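The values are calculated or read from the model by the stated rules, or taken from the named source; none is laboratory data. Since the model is a prediction, treat every value here as computed from it, not as a measurement. When we count neighbours, we look across all protein chains shown, and the Cβ atoms used for this are built from the backbone with ideal geometry, even at glycine. When the accessible area is computed, the model is the full protein with side chains, heavy atoms only, and any ligands, DNA or RNA have been set aside. Shrake-Rupley method; radii C 1.70, N 1.55, O 1.52, S 1.80 Å.
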Amino acid sequence: MATQKQINDFIKTIAPIIQEHAKKNGYKIASAIIAQACLESAYGLSGLSANYYNYFGLKCGSAWKGKSVNLSTKEEYTKGTLTNIKDNFRVFDNMAAGVAGYFDFISTTRYKNLKTAKTPQEYLERIKADGYATSSTYVANNMELVTKYN
């Protein structure tokens, strides 16, 4: 569990990088993406983020040609039931590359509707509907962070 100092330090470090990439890539909403990084990486403390700079739980998929690591994760394919799986996750060289990797990931046609989202809620609802996450509480959990940390 992250301490308040770890949480504050993580947000203070990653937020400007996300805001810069969001602006450069034409996304109106950065706060929802900052919340995603916080939630998906346990404020940068998860093994995937601390060791591999993957702050968004990005899996490789068939198009990924970069480095990868095979790790265990939980998916909620059926509401309320977590399934343990092993999958290949993208590996990045540093925080900036990990953030850039997220924006590369969402630059596909599948996620094109994210650019026109006008609120964090709308962004999160769209990315969830687009199939980014399996958690039934993904939108609510991220919105809680958006609200809590402004």
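Please identify the pairs in which a residue from the range 46-66 that is over 16 Å from ALA35 (Cβ atoms) and open to solvent by less than 40 Å² (accessible area, probe 1.4 Å) has its Cβ atom under 6 Å from the Cβ atom of a residue that is assigned to a loop (DSSP other than H, G, I, E, B) and not hydrophobic (A, V, I, L, M, F, W, C), counting only partners at least 6 apart or on another chain.
LEU48/ASN54
Would you pick out the residues in the range 20-36 that are out of contact with any Pro (no Cβ under 6 Å at 6 or more places or on another chain), in a helix (DSSP H, G or I) and either exposed (fewer than 13 other Cβ atoms within 10 Å of the Cβ) or in contact (Cβ under 8 Å) with a residue 12 or more places away in the chain (or both)?
HIS21, ALA22, LYS23, LYS24, ASN25, ILE33, ILE34, ALA35, GLN36
Report, ordered by the first and then the second residue, all pairs with beta carbons closer than 9 Å, sequence separation of six or more or different chains, a first member in the range 139-150 that is within 17 Å of ALA2 (Cβ to Cβ) and open to solvent by 30 Å² or more (accessible area, probe 1.4 Å), and a second member that is β-branched (Val, Ile, Thr) and part of a helix (DSSP H, G or I).
TYR149/ILE7; TYR149/ILE11; TYR149/ILE34
In this structure, is ASP130 open to solvent by 70 Å² or more (accessible area, probe 1.4 Å) and not hydrophobic (A, V, I, L, M, F, W, C)?
No: the conditions fail for ASP130.
Under 6 Å between Cβ atoms, at least 6 apart or on separate chains: pull out the pairs that start in the range 71-84 with a residue that is without any contact (Cβ under 8 Å) to a residue 12 or more places away in the chain and farther than 17 Å from ALA129 by Cα and end on any residue that is in a strand (DSSP E or B) and open to solvent by less than 100 Å² (accessible area, probe 1.4 Å).
LEU82/GLU76; THR83/GLU75
Being touching a Gly at 6+ places or on another chain (Cβ under 7 Å), over 17 Å from ILE127 (Cα atoms) and not in a strand (DSSP E or B), is that true of even one residue in the range 61-81?
Within the range 61-81 (the criterion being touching a Gly at 6+ places or on another chain (Cβ under 7 Å), over 17 Å from ILE127 (Cα atoms) and not in a strand (DSSP E or B)), the answer is no, since none of the residues qualifies.
All but one of (1) in contact with a helix residue (DSSP H, G or I) (Cβ under 6 Å, 6 or more places away or on another chain); (2) assigned to a helix (DSSP H, G or I); (3) crowded, with 17+ Cβ neighbours inside 10 Å hold for TYR102, so report the exception by its number.
(1)
Which of the residues spanning the range 89-98 are assigned to a helix (DSSP H, G or I) and either touching a Leu at 6+ places or on another chain (Cβ under 9 Å) or more than 20 Å from LEU71 (Cβ to Cβ) (or both)?
Once the filter is applied, which keeps residues that are assigned to a helix (DSSP H, G or I) and either touching a Leu at 6+ places or on another chain (Cβ under 9 Å) or more than 20 Å from LEU71 (Cβ to Cβ) (or both), the range 89-98 yields ALA96, GLY98.
Among the residues of the range 53-60, is any in contact with a Ser or Thr (Cβ under 6 Å, 6 or more places away or on another chain), at pLDDT 90 or above, assigned to a loop (DSSP other than H, G, I, E, B) and hydroxyl-bearing (Ser, Thr, Tyr)?
There is at least one residue in the range 53-60 that is in contact with a Ser or Thr (Cβ under 6 Å, 6 or more places away or on another chain), at pLDDT 90 or above, assigned to a loop (DSSP other than H, G, I, E, B) and hydroxyl-bearing (Ser, Thr, Tyr).
Can VAL91 be described as in contact (Cβ under 8 Å) with a residue 40 or more places away in the chain and buried (at least 20 other Cβ atoms within 10 Å of the Cβ)?
So VAL91 does not fit the description; no.
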